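Please read the structure below before turning to the comments.
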Amino acid sequence: MAFLDAGLRTQVLDWMANQVPESRIAHVLRVEEMAIALAQQHQLDIEKAATAGLMHDLAKYFKPNQLLAMATAEGLLIDPVAYANPHLLHADVSALVARDEFGVRDPEVLAAIADHTLGRPNMGPLSCAVFLADTLEAGRGDSEELQTLRQISQQNLTRAVWMTCDYTLRYLLNTSRLIHPLAIETRNSFLHRDRWHAELPNVQAAPPYSMAS
Ligand SMILES: [Fe+2]
Ligand SMILES: [Fe+2]
């Protein structure tokens, strides 16, 4: 399935063939397929979904030092959890590769690539579709929970995002892995939107001292 300029798609697939194992390319193609299906279901731009799906894991096999160096050169904020686990940066760095290697300029597509692992509070529907496709594509398994999440993703992107966050967070807790705060912020944001049909208020904690001199 392809809704992308055939020349660009071939160029990306050729590039990936030299960078990532075949099993990862199979995953990428399934993410592309599911992102397209979700875009069709939710009336999103199909070409953008196909582009982000195809390019979401471009930096998946970059070495930790390369990920850190590229993120630093771009001026991205690298928090303690990402320093401890630079692999988390592969989402942001994949967006940089899509931009610099393949000339992708669409901010929505670049955001969807960058958001595919941890999500982002209030991320747009294209980001939601790629985020869901990455976790729920057919190759991820066939448990009852995954089947339910796939069904919900066709009906309600907002609900599917927080429930998929819960699914991933449960796995991270059960296997004693680091949890990035952004994953929790994404989950809270979408749970709140689903329950109360509103965005979480953007309240900054007051500093513990007076700023007045
Ligand atoms: Fe990824
Ligand atoms: Fe992926």
- [ ] Give the residues of the range 127-160 that are surrounded by 16 or more Cβ atoms within 10 Å (Cβ to Cβ), away from ligand 1 (no atom under 16 Å from the Cβ) and of a type outside the set (D, E, K, R), sorted by residue number.
- [x] Leu146, Leu149, Ile152, Ser153, Leu157, Thr158, Ala160
TODO: Could you list all residues from the range 90-126 that are under 16 Å from His180 (Cβ atoms) and free of Cβ contacts under 8 Å to residues at least 24 places away in the same chain?
DONE: Asp92, Ala114
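Go through the residues of the range 63-79 one by one and say whether even a single one is without any contact (Cβ under 8 Å) to a residue 40 or more places away in the chain, within 14 Å of ligand 2 (Cβ to nearest atom), in contact with a helix residue (DSSP H, G or I) (Cβ under 7 Å, 6 or more places away or on another chain) and not in a loop (DSSP other than H, G, I, E, B).
no
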- [ ] Could you please find all residues in the range 98-126 being away from ligand 2 (no atom under 14 Å from the Cβ) and part of a helix (DSSP H, G or I)?
- [x] Arg99, Asp100, Glu101, Phe102, Pro107, Glu108, Val109, Leu110, Ala111, Pro125, Leu126
TODO: Go over the candidates Asp92, Asp106, Asp115, Asp100 one by one and state the one that is at pLDDT 95 or above, closer than 20 Å to Ala129 by Cα and more than 14 Å from the chain's Cα centre (by Cα).
DONE: Asp106
Open item on the list: Against the conditions (1) exposed (fewer than 15 other Cβ atoms within 10 Å of the Cβ); (2) farther than 22 Å from Ser23 by Cα, where does Ala82 fall short? Just the number, please.
Closed with: (1)
Open item on the list: On the basis of being of a type outside the set (Ser, Thr, Tyr) and under 16 Å from the mean Cα position of the chain (by Cα), does Ala59 make the cut?
Closed with: yes
Task: Index of the failed condition, Leu136 passing every other in (1) within 15 Å of ligand 2 (Cβ to nearest atom); (2) more than 13 Å from the chain's Cα centre (by Cα) - done: (2)
TODO: Look through the range 99-122, keep the residues that are buried (at least 23 other Cβ atoms within 10 Å of the Cβ) and under 18 Å from Leu44 (Cβ atoms), and return whichever of them is nearest to ligand 1 (Cβ to nearest atom).
DONE: His116
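The values are calculated or read from the model by the stated rules, or taken from the named source; none is laboratory data. Owing to the predicted nature of the structure, the values given are computational and were not obtained by experimental measurement. Here Cβ is always computed from backbone atoms with ideal geometry, including for glycine, and neighbour counts include all displayed protein chains.
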